[in-house]
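Student: If you scroll down you'll find the structure; I have some questions about it.
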Amino acid sequence: MDFYGINPAVLIASLMVASVPIMLAAIGELVVEKSGVLNLGVEGMMIMGAICGFITAVHSGSQLLGFLGGAAGGAVLSLIFILLTQVFLANQVATGLALTLFGLGLSSLLGQGYNGIKPPPTGMVPYGPLADIPFFGRILFTHDWMVYASIAVVAAVWAVLKYSRAGLILRAVGESHDAAHALGYKVIRIRVMAILFGGAMAGLGGAYVSLVRVPQWTDGITAGAGWIALAIVVFASWKPWRVLIGAYLFGGITVLQLNLQASNSFPIRIPVEYLAMSPYLITILVLVIMSSGRGKASLNAPAALGRNFHASR
Amino acid sequence: MTADVLLSIEGISKSYHGVKANDDVSFSIGAGEVHALLGENGAGKSTLVKMIYGLVKPDEGRMRLRGADYAPAEPREARSRGVAMVFQHFSLFDALTVAENVALGMDNPPPMRQLAGRIREVSEGYGLPLDPTRLVGDLSAGERQRVEIVRCLLQDPKLLIMDEPTSVLTPQEVNILFGTLRQLAAEGTSILYISHKLEEIKALCDEATILRRGKVVGTCTPREKSAREMAEMMVGATLNPPERAAAAPGPVALTVRGLSVASPSAFGTSLREVGFEVRQGEVLGIGGVAGNGQDELLLALSGEIRTAPETVRIHGRGIGHLGPNERRKDGVCTAPEERLGHAAAPDMSLTENALLSGAVRRHLTKRGFIDWARTRAFAEGVVRTFDVRTPGIGTAARALSGGNLQKFVLGREIMQEPEVIVVNQPTWGVDAAAAAFIRQALLDRASAGAAVVVISQDIDEIMEIADRFAALNEGRLSAPVPTKGLTIDQIGLMLGGAHGMHEAEVSHAHP
């Protein structure tokens, strides 16, 4: 059942793994943007998560502690963003870009001496006979637990935003911070918590890259995944389940281009460079299409997105 | 008598950066009383009610609610003590449903399905029907206000604060609102009613406290005073209504024919087949409730939205395809409603703002270079003639108060001596004295031979200065009629009546 040397079950299984980092980072950023904050520092927070998670895992020998360390690393870096945008009311776009550059530099500094080390191995989930189901067993029951955890996070975010009062308040703050303030909600406090969550999720995604996907540390290991995560939030028009679809789509393109590079039987020879740039090209294309329509996609954007709140009088 | 006092305010003061917003304010509200708080913009009304609602803490003084000390630290506490507030600028969320909006204003809302049922029940009980599942962004201004009121009523308040509730309503919707408020007062709920519309206060309120520059300058029983007496207490000076020399209108200056424009904003209203003409020396008033196409009409007339050449004509020449600066050259000047960010660039100085609009007609540029001397002279002229209170023409537009910036924006357009001038909400948020001045300036421009189009939601304003009146309703413009002899009921009908209301419900809510 191979197409030009590519097995679809293997392809789907590996795209599920490939999409975990961008899915986690995107669902975190979705919560941040739903609260009305645009944090462009996802890439920086991811790579900080990658190195902090890697260091924790190497020293503790525990992968779980590694993931927690990664989440903490991303959240700590987002504290800088919180201080600048929520306390000093700095411009969110500029601060987010600075955060990415800072994160890239700091992670490279922290990562000195960690090149070429192996992190503790991934604990596989014991599936028993489930993994032997033809086709679907290969797709659904061959993964490490983080794959399922990331889907659970998407489900949890969806449920909280849709059904809980906390989610309603979060959406309200992102829709109109002035009105939320007038009703007595603590706009800054809610946004701070959302940004911390976003930072933690980005960090978790980064840790997955350095602990499971690659798994080792090199400078710039996230390679633009944070930017793709930002694009997915727009692509998903701020809806949690569409983040999952978007992440699988982009993860799929990444995996597919790797497979096409390796495949010898594919009829058309495409230069490797074009394949390597394809996920980013598709990202740009999707963003252009989504924002040109000024239709439903742009309508669903949180109305207060990117605007700083200052309680006047 | 003391047993009946619900809320008493004793010697409240509040300063911002050394400016006293409230200075030793004292008054009390009885149970079941409709109490008016009267005052100009900046008189300190909003600050006072924000303190009652717990959004702001007073510097001095104290409040007592039903005999017990009352010092709410936050709105939640105020709500739990039975104080509810309907905001001047609605505190609603466009992208959320009616039920979600109501839930956000409650501290312990029931589950959504149950809440939806209660919203239906309460809203119909008070003659304010609402569908809990609709998005608030799709509602009319009157319906949006109902959401706010129902949100308050669901919490069974003892005191309902209403901050300028009628500024966006049609006369019929005002009647329905007053019916609801009277019903509430009869049930024992006290209402603190903030407004500067004196006729409404006379019709509704039992007692009034008048504020001027943060101080209580008097109390009165509105039914026993004339609107003029109250206005003069409010302003602290005698007021002169605007006047103009009667003159026969000249030839047609502005013609609009079959103007259909899609709205550029998601929640906007598209214009449909709008047509009218305005003669030289004539003032056309275009009324309508906010969001019925006013902004789109101004954009189409200013040139920010371009149309087919023949849809907009000046002296018979089609200009529909021209942009704003080309239209200015042809003598069309416009002033949009939004002062900051549309009429003026907030962070640029008054000089620069004067240049942006006045460059073409006042020849403020030469071969692409700015003639700063001329520009400064122009800006200074506007500031002097229109009595704009500002430290200087180098001040950023953002730093001016709303009324002063409005005077500057209007003055900037009028002093370009346009042949056609279109203004949207020329006196929105401007105090009575400045409003009178602006209206007089518009009339003077008409007397000098310009065609003037005033788009306004303030019916009194249109009646005061317009020669003819047309109503804008859901993007359609009615045929203009002379304002002389027009009654408020006729205007209400032209404006489309109460949105979504049946005649039976109107009379039911109006005992």
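Student: Considering each of B:Ile12, B:Ile29, B:Ile52 in turn, give the residue that is crowded, with 16+ Cβ neighbours inside 10 Å and either in contact with a Ser or Thr (Cβ under 6 Å, 6 or more places away or on another chain) or without any contact (Cβ under 8 Å) to a residue 24 or more places away in the chain (or both).
Tutor: B:Ile29
Student: Residue by residue through segment B:413-439, note down the ones that are assigned to a helix (DSSP H, G or I), closer than 27 Å to B:Val312 by Cα and not aliphatic (A, V, I, L, M).
Tutor: B:Glu413, B:Arg439
Student: B:Tyr126 - would you say it is aromatic (Phe, Trp, Tyr) and modelled with pLDDT of 90 or more?
Tutor: So B:Tyr126 does not fit the description; no.
Student: Turning to a different aspect of this structure: A:Tyr280 versus (1) within 18 Å of the chain's Cα centre (by Cα); (2) modelled with pLDDT of 85 or more; (3) of a type in the set (Phe, Trp, Tyr): which is the lone unmet condition?
Tutor: Failed condition: (2).
Student: Sticking with this one: State all residues of segment B:360-399 that are of a type in the set (A, V, I, L, M), touching a residue at least 24 places away in the same chain (Cβ under 8 Å) and touching a strand residue (DSSP E or B) at 6+ places or on another chain (Cβ under 9 Å); if no residue qualifies, say none.
Tutor: B:Ala379, B:Ile393, B:Ala396, B:Ala397
Student: Now for a separate question. Of B:Asp138, B:Asp94, B:Asp131, which residue is more than 25 Å from the chain's Cα centre (by Cα) and among the charged types (D, E, K, R)?
Tutor: B:Asp131
Student: Still on this structure, please answer the following. Pull up segment B:97-117, narrow it to residues that are at the interface with chain A (Cβ under 7 Å from one of its Cβ atoms) and over 25 Å from the mean Cα position of the chain (by Cα), then point me to the one that is farthest from B:Lys158 (Cα to Cα).
Tutor: Result: B:Glu100.
Student: Something else now. I'd like to know if segment B:65-76 contains one or more residues that are among the hydrophobic types (A, V, I, L, M, F, W, C), within 7 Å of chain A (Cβ to nearest Cβ) and closer than 21 Å to A:Ile169 by Cβ.
Tutor: no
Student: Continuing with the same structure: Looking at segment B:82-93, which of the residues that are at pLDDT 85 or above and within 13 Å of chain A (Cβ to nearest Cβ) is surrounded by the fewest Cβ atoms within 10 Å (Cβ to Cβ)?
Tutor: Restricting to residues being at pLDDT 85 or above and within 13 Å of chain A (Cβ to nearest Cβ), the top hit is B:Val86.
Student: While we're on this one: From the set of residues in segment B:119-140 that are charged (D, E, K, R) and in a helix (DSSP H, G or I), which is farthest from B:Val83 (Cα to Cα)?
Tutor: Going through the qualifying residues, I end up with B:Asp138.
Student: Tell me, which strands (runs of 3 or more DSSP E) wholly within segment B:253-351 include 1 or more residues that are charged (D, E, K, R)?
Tutor: B:271-279, B:312-314
Student: Would you please name the residue that is farthest from A:Gly73 (Cα to Cα), looking only at residues in segment A:22-61 that are in a helix (DSSP H, G or I) and of a type in the set (Ser, Thr, Tyr)?
Tutor: Ranking the candidates gives A:Ser60 first.
Student: Among the residues of segment B:200-207, is any of a type outside the set (Gly, Ala, Ser), in a helix (DSSP H, G or I), surrounded by fewer than 19 Cβ atoms within 10 Å (Cβ to Cβ) and out of contact with any Pro (no Cβ under 7 Å at 6 or more places or on another chain)?
Tutor: No - not one qualifying residue is present in segment B:200-207.
Student: Pick from A:Asn39, A:Asn91: which is more than 16 Å from the chain's Cα centre (by Cα), closer than 21 Å to A:His310 by Cα and not hydrophobic (A, V, I, L, M, F, W, C)?
Tutor: Just a single option satisfies the conditions, and that option is A:Asn91.
Student: Any residue in segment B:253-277 that is within 14 Å of chain A (Cβ to nearest Cβ) sitting within a Cβ distance under 6 Å of a residue that is surrounded by fewer than 19 Cβ atoms within 10 Å (Cβ to Cβ)? List the pairs, counting only those 6 or more apart or interchain.
Tutor: B:Ala262/B:Ser270; B:Ser263/B:Ser270; B:Ala266/A:Leu299; B:Phe267/B:Gly137
Student: Scan segment A:141-154 for residues that are of a type in the set (A, V, I, L, M, F, W, C) and touching a residue at least 40 places away in the same chain (Cβ under 8 Å) and jot them down.
Tutor: A:Met146, A:Val147, A:Ile151, A:Val153, A:Val154
Student: Residues in segment B:412-422: is at least one polar (S, T, N, Q) and out of contact with any strand residue (DSSP E or B) (no Cβ under 6 Å at 6 or more places or on another chain)?
Tutor: No - not one qualifying residue is present in segment B:412-422.
Student: Next question, about the same structure. Tell me the helices (runs of 4 or more DSSP H) entirely within segment A:150-241 that contain at least 1 residues that are within 14 Å of chain B (Cβ to nearest Cβ) and aliphatic (A, V, I, L, M).
Tutor: A:165-175, A:177-182, A:187-208
The values are calculated or read from the model by the stated rules, or taken from the named source; none is laboratory data. In this text the structure is predicted, and so the values were computed from the model without any measurement. With ideal geometry, Cβ positions are generated from the backbone for all residues, glycine too; neighbour counts draw on all protein chains shown.
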